[in-house]
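Participant: Input: one structure, supplied below.
Read the figures in this text as sums done on the coordinates, not as results from a lab. As the structure is a prediction and not an experimental result, all values here were calculated from the model. Reconstructed Cβ throughout: ideal geometry from the backbone, glycine too, with neighbour counts over all protein chains shown.
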Amino acid sequence: TMAARSAARSRFDIRMLLVAAAVLYAAAADGTPAATAPKTIAVRLTANWRTTPLLLEAAEYFAGDGGFWPFAAHPAVAAAMALPTDEAQHAAVGQAARELLGPLEQRLLETYLATAALSPRVEAQLADERARASALRVDPSTEWWVWACGRTFLPGGTQTMEQFLASLSCTAERVDEDEAHEYAPAATAGQGGVDVPRVTLFATVGTPQFSRAHATLAAAAEGGRVAYAHIHRAWPTRAEVNGEAAALQGYGVSLAIKNMEYKVLDDSTAQAAGIDAESIASFGGEEGGIGFGEEEEEGSISEVGE
């Protein structure tokens, strides 16, 4: 009957669908071309400097709006460099940002940190510090140091910081805001109209050593005895000193790769396709990007490369 034939056709269609599904599953299991995933080529571009600490990149964001010192002195940041992971440092930066920035600025800070946009600025200061430290023979293991009036102060010596500051006798130098973080109100307002010495601290934000040195120099600057500035120094025990190269963000790469796989073509079909296979083979040329090799006999099957 009509109903019986319809039911039989439905069962046949279902069986065919099941067979097709089984064939596709088997092809996927065998790794045949039907199941081959598209080939993806990942390109990673790196800079010629090492990865910079997230905490210092955040400090440079705050420095752009004159907020470097409130950020550096924030309780959440004071010892953040000792935190074991970037995630922990990020949490400390977020805590300080919630108290120092508005909602829009917080989201902008996240964007800068995610793309490492301020890494070149941090590296510029670190490179400046490395060059000066090398020229002055400052030990790489030194946690922080000070430069003023052509003299170097290193911690752990016989002279205290207060004694070093009291012995200075020179005038302040011009400050490059892109190079150093100038502490206000440390300008050129010395007593009697004489410029005060400029003291540069090379230390790592987020360490107790920075906090102690900053407290002494800030007090001297508030008293009008010195002009005080800071430049980043890499923390000697951090992994980024000998870490991997910094990844560059915001670059797109498109690659056009020629297919070098060999295919088997039947030369006897060349005439049907409008190609003079014999003349091409004897000349050794190409047609449509395909190079035809010399035929051994008419109608033979040869391998050609695409």
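Participant: If you look at just the Cα atoms of region 97-156, how large are its Rg and its Dmax in Å?
Facilitator: Computed over the Cα atoms of region 97-156, radius of gyration and Dmax are 16.9, 45 Å.
Participant: Efficiency by 1/(1 + (r/R0)^6): what FRET value for Gln95 and Glu222, r their Cβ-Cβ distance, R0 = 45 Å, to the nearest 0.05? List each step's numbers first, then the result.
Facilitator: Numbers: r = 27 Å, r/R0 = 0.59.
With R0 = 45 Å, the Cβ-Cβ based efficiency is 0.95.
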